[in-house]
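Read through the structure below, which is laid out as structure tokens, and then see the notes.
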Amino acid sequence: MTSVSRIFPYARYLLGACALMVAAPQVAAHGPHVHGQGNLQLVLEDGVLQADLTVPGMDVVGFERVPQDDEGRDAVREALALLERPGNVFRTPAEAGCTLVENRAETGLKKDDHSHDHHHDHDHHDHAHADFTATYTFDCSNPDVLRTLEITLFDNLPGLERLIVQAVSDNGQREQRLRRNERQVTLP
């Protein structure tokens, strides 16, 4: 009999991601966009650590509308560069042997070819609650020792007051609510 993981090698990872999506409404119940609060979702399956971060634009750059000047555009570019580096968000223990294999940071505050090129008045809400998102994927050679992560995000985002962390692993699920003075996430 062939196991599901042989046919679909990432099936366990996908199951973990599904479990995280089931848990995600708990975050939404606190409001999908709360100033001062970021959300970090972690999935550890078969040596792969997937992390997804969402933080309101106000807490990253101090505004939530597509910038109309060079200073604002520079702030958005710098914030994206900061969030692309996972060490600015969290650190894994060295003994876990985690190697970054993919990372990406995005925001609705960056004007692209699909943006409407018209003036935004004070009542216009297209980007009234723009977030920054970042995704990181690590391959960990010794995932059994990956029990905690050190959160560094508070050092880089002075406006951030709370971080809700939802984690799923082979051992279950866990939610932690961290404040600025709390720097450690324990994985299930």
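The values are calculated or read from the model by the stated rules, or taken from the named source; none is laboratory data. No experiment lies behind these values; they were computed from the predicted model shown. Here the Cβ is made from the backbone with ideal geometry for all residues, glycine too, and neighbour counts use every protein chain on show.
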Any residue at all in the stretch 98-115 that is at pLDDT 95 or above, under 24 Å from Leu157 (Cα atoms), hydrophobic (A, V, I, L, M, F, W, C) and exposed (fewer than 15 other Cβ atoms within 10 Å of the Cβ)? yes
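Out of everything in the stretch 37-56 that is among the polar types (S, T, N, Q) and closer than 24 Å to Asn171 by Cα, what residue ends up being surrounded by the fewest Cβ atoms within 10 Å (Cβ to Cβ)? Explain how you work it out, then say what you get.
Going residue by residue through the stretch 37-56, those that are among the polar types (S, T, N, Q) are 37, 39, 41, 50, 54.
With the extra rule that they be closer than 24 Å to Asn171 by Cα, the set shrinks to 39, 41, 50.
Details: Asn39: 23, Gln41: 21, Gln50: 19.
That would be Gln50.
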Considering only the stretch 47-72, state which residues are charged (D, E, K, R) and closer than 24 Å to Tyr136 by Cα. Asp52, Asp59, Glu64
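Of the residues that sit in the stretch 57-71 and are out of contact with any strand residue (DSSP E or B) (no Cβ under 9 Å at 6 or more places or on another chain) and either under 15 Å from Asn156 (Cβ atoms) or in contact (Cβ under 8 Å) with a residue 24 or more places away in the chain (or both), which one is surrounded by the most Cβ atoms within 10 Å (Cβ to Cβ)? So that I can check it myself, show each step before the final result.
As a first pass, look at the stretch 57-71 and keep what is out of contact with any strand residue (DSSP E or B) (no Cβ under 9 Å at 6 or more places or on another chain): 58, 62-63, 65-71.
Within this subset, residues satisfying the condition of being either under 15 Å from Asn156 (Cβ atoms) or in contact (Cβ under 8 Å) with a residue 24 or more places away in the chain (or both) are 58, 62-63, 65-68.
Working: Met58: 17, Gly62: 12, Phe63: 15, Arg65: 18, Val66: 21, Pro67: 17, Gln68: 11.
Only one residue tops the list, namely Val66.
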Taking the stretch 149-171, which residues are of a type in the set (A, V, I, L, M) and either out of contact with any Gly (no Cβ under 8 Å at 6 or more places or on another chain) or not in a helix (DSSP H, G or I) (or both)? Leu149, Ile151, Leu157, Leu160, Leu163, Ile164, Val165, Ala167, Val168
Please work out which residue is nearest to Leu83 (Cα to Cα), limiting yourself to the stretch 163-182 and to residues that are free of Cβ contacts under 8 Å to residues at least 60 places away in the same chain and touching a Pro at 6+ places or on another chain (Cβ under 8 Å). Arg174
Could you please tell me which pairs satisfy a Cβ distance under 7 Å, a separation of 6+ or placement on different chains, a first residue in the stretch 141-162 that is within 12 Å of Ala94 (Cβ to Cβ) and free of Cβ contacts under 8 Å to residues at least 60 places away in the same chain, and a second residue that is among the aliphatic types (A, V, I, L, M) and crowded, with 20+ Cβ neighbours inside 10 Å? Asn142/Ala96; Val145/Ala96
Go through the stretch 129-147 and give me each residue that's at pLDDT below 95, surrounded by fewer than 18 Cβ atoms within 10 Å (Cβ to Cβ) and more than 13 Å from Val43 (Cα to Cα). His129, Asp144, Val145
